[in-house]
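Data block below; observations after.
The values are calculated or read from the model by the stated rules, or taken from the named source; none is laboratory data. Note that this is a predicted model, so its numbers are computed, not measured. No Cβ is skipped: glycine too gets one built from the backbone with ideal geometry, and neighbour counts run over all protein chains shown. Note: areas computed on protein heavy atoms with side chains; ligands, DNA, RNA excluded. Shrake-Rupley method; radii C 1.70, N 1.55, O 1.52, S 1.80 Å.
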Amino acid sequence: MYINGKKMGEDLEKIEIMNPATNEVIGKVPNGGEKEAEQAIKAAYEAFLTWSETTAYERAAYLKRLNKLIIEHQEELAQTMTMEMGKPIEESKGEVVYGASFLEWYAEEAKRVYGETIPTHISNKRLQVWKKPVGVVAAITPWNFPLAMITRKIAPALAAGCTVIIKPSKESPLTAIKLMELVEKAGIPEGVVNLVTGSSAKIVGQMMENDKVRKITFTGSTEIGKLLIEQSAKQVKRLSLELGGHAPFIILDDANVEKAVDGVLASKFRNGGQTCVCANRIYVQAGIYEQFVNKFSEKVKGLRVGNSLHEEKVDIGPLINEDGVNKVARHVKDAVEKGALIVTGGNRIEGEGTFYEPTVLRDIDPSMIIMQEETFGPVAPIQKIETDEEAVELANSTEYGLAAYVFTESVSRGTKLVEKLDFGIVGWNDGVPSAAQAPFGGMKESGIGREGGHEGMDAFLETQYVSIGLS
Ligand code: NAP
């Protein structure tokens with residue numbers, strides 16, 4: 001843990017961190033609780049008094065230094081990430097670059113937090129809108145992007161003048177610890193960024209109880225997001241939520257099939273299918289259904305599963321843990337019992353680690369659990385559809401609204417279809433839409449607010465309206 005610039009928690013009981021590819025213990029982190037959270041909040045609160053008074057140009061310089069250090073330590077960060085949560089090493093390197101990009105972008109955006117002057121209705125009054133940092137921020141992050149989900153929060157928070165306490169997932173806190181070493185190296189003042197590991201209920205409980213914390217920014221499941229909405233009501237804490245997804249991937253019969261196959265591969269199998277924007281339901285129009293299933297399955301059969309730290313050219317790593325494998329197996333079993341056909345895969349890979357075969361299921365229908373819940377694994381269920389209207393209806397028939405994908409070469413069909421989709425992010429002929437400069441977030445039960453882009457900065461700013469009476 002890092003509190004007020006110091007490594008803490010050596011005296012505490014430890015939580016073991018496992019490598020999901022080998023089941024080996026690769027590290028231990030302190031099992032912190034309320035007391036440590038309180039210390040971190042105090043440090044962040046005291047640091048806020050001076051950090052919030054630095055200029056945007058000073059803060060930008062710190063962020064740029066951190067960006068540079070992250071890139072310089074790409075290899076080491078990527079190794080840690082792959083060891084603790086299993087994504088292939090090349091993907092981990094990609095996440096390091098993506099994660100660092102938020103620091104670069106918000107270093108620039110810090111300088112563009114403009115207020116407003118509003119035309120007055122009374123001649124001796126001046127009406128102004130000022131922007132102020134919201135205060136101490138608690139950042140709670142998931143295991144599936146151990147670096148980028150942190151930088152996506154701390155970059156705009158620090159740029160806005162806020163101070164932060166990070167609470168990473170117990171599954172992948174080692175990357176966060178490495179990041180903190182770089183925060184220290186970048187010379188970011190003590191207490192501006194703090195890290196507490198341990199019991200999420202106790203740490204987050206204290207964050208919710210403590211009135212010095214003004215903002216909670218959370219990425220994780222919809223289930224825990226709902227719990228945080230309830231808990232934050234007591235003090236009306238500001239809340240940003242990036243929650244679960246259940247992305248539809250619609251392929252119309254005028255799509256470029258090769259491009260669509262590559263789009264689904266990138267969206268579905270990145271991080272072993274463990275991303276919030278993963279294609280979870282694939283809808284293909286009847287005219288190209290057989291062609292798509294054949295071409296797509298051939299490519300999936302060529303994907304290599306393994307431990308990328310010991311094997312070459314691995315496309316898919318292990319799932320995060322036993323629960324992850326069991327959920328995937330349950331979804332596949334249910335689909336098969338209800339009439340789906342397995343084109344390839346469909347089994348756990350026996351031996352050490354939590355590996356599951358990349359799987360394609362065809363003849364899917366909406367009654368199957370896999371078409372209703374987030375699977376979080378390497379399984380691609382493909383349903384045949386007839387019309388554009390049916391695609392929209394099926395896509396929107398969920399409580400989730402994070403990402404959706406549409407593949408069509410027709411501007412008219414694509415525009416009409418995308419306009420009707422209730423999703424915060426749409427990849428049109430694009431399977432990988434995320435970028436630091438663009439707003440990322442969900443409609444409906446997929447969240448509240450946006451990260452990335454100028455919207456990402458708004459989440460850490462308060463609006464103060466000042467009416468000045470002149471003499
Ligand atoms: P999770 O179980 O909801 O955990 C997320 C964070 O909340 C972790 O730090 C976790 O800590 C903490 N947490 C767990 N129980 C808590 C409690 N009772 N009170 C307070 N905090 C608690 O989600 P996950 O399994 O880590 O991540 C996968 C989920 O995240 C998926 O649903 C995925 O779609 C979503 N996700 C969304 C986005 C997005 O941008 N919308 C991005 C990535 C992931 P511990 O792990 O230490 O318990």
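List of remarks:
- Over the stretch 247-435, relative contact order from alpha-carbon pairs under 8 Å, at least 6 apart, %: 29
- Calculated from backbone phi, Karplus (6.51, -1.76, 1.60) coupling profile of the stretch 439-446 in Hz, x at Gly/Pro: x, 10, x, x, 8, 6, 7, 8
- Helix 222-233 and the longest principal axis of the C-alpha atoms of the chain enclose an angle of approximately 20°.
- Relative contact order (%) - criterion: Cα under 8 Å, at least six apart; region: the chain: 19
- Farthest towards the positive end of the charge dipole of the chain, among the residues N326, A233, V277, is the Cα of A233, using unit charges on the Cβ of Lys, Arg, Asp and Glu.
- For N4, the amide hydrogen comes within under 5 Å of the amide hydrogens of G191, counting only partners 5 or more places away or on other chains and with H modelled in the peptide plane.
- Around the amide H of I385, modelled in the peptide plane, lie the amide H atoms of V284, Q285, A286, all under 5 Å away and 5 or more residues distant in sequence or on another chain.
- G32 long-range amide H proximity, modeled H, under 5 Å: T197, G198, S199
- Label-to-label distance, nm, for residues given as K6 and D422 (7 Å Cα→Cβ offset): 5.2
- Each of the peptides 397-408, 168-179, 273-284, 216-227 was scored by the mean count of other Cβ atoms within 10 Å over its residues; in descending order, highest first, they stand as 273-284, 397-408, 168-179, 216-227.
- Extended-chain gain in nm, criterion 0.36 nm per residue less alpha-carbon gap, S467 and D323: 46.3 nm
- Relative contact order, percent, the stretch 380-432 [alpha-carbon distance under 8 Å, six or more residues apart]: 39
- Cα centroid separation, the stretch 297-360 to the stretch 136-191 (Å): 31
- Antiparallel %, DSSP beta bridges [both residues in the stretch 330-453], to 5: 55
- Listed residues K313, K153, K295 arranged by accessible area, highest first, probe 1.4 Å: K313, K295, K153
- To put it simply, the accessible area of the chain at a 1.4 Å probe is 51 percent carbon and sulfur.
- Shape category assigned to the chain from the gyration tensor of Cα positions, a/c cut at 1.5: oblate
- Taking all protein chains together, H73, H454 sort by accessible area into H454, H73, largest first [probe 1.4 Å].
- The slack in the chain from A435 to V411, taken as 0.36 nm per residue of separation less the alpha-carbon distance, amounts to 6.3 nm.
- Modelled label positions at Y57 and R112, each set 7 Å beyond Cα in the direction of Cβ, lie 1.9 nm from each other.
- Solvent exposure, largest accessible area first (probe 1.4 Å, DNA, RNA and ligands not counted), of E322, E108: E322, E108
- With Cα atoms, 0 to 90° folded angle of helix 89-109 axis to the chain main axis: 40
- For the stretch 370-375, the Karplus equation 6.51 cos²θ - 1.76 cosθ + 1.60, evaluated at θ = phi - 60°, returns couplings of 4, 8, 10, 10, 5, 7 Hz by residue, with Gly and Pro reported as x.
- Protection proxy ranking, highest mean first, for peptides 37-46, 78-87, 345-354: 78-87, 37-46, 345-354, where packing is the per-residue count of other beta-carbon atoms within 10 Å, averaged.
- Placing a pseudo-label 7 Å from each Cα along the Cα-to-Cβ vector at D334 and E312 gives an inter-label distance of 4.1 nm.
- Estimated 222 nm signal from helices in the chain, with DSSP H stretches of n ≥ 4 weighted -39500 (n - 2.57), rounded to 500: -12500 deg cm²/dmol
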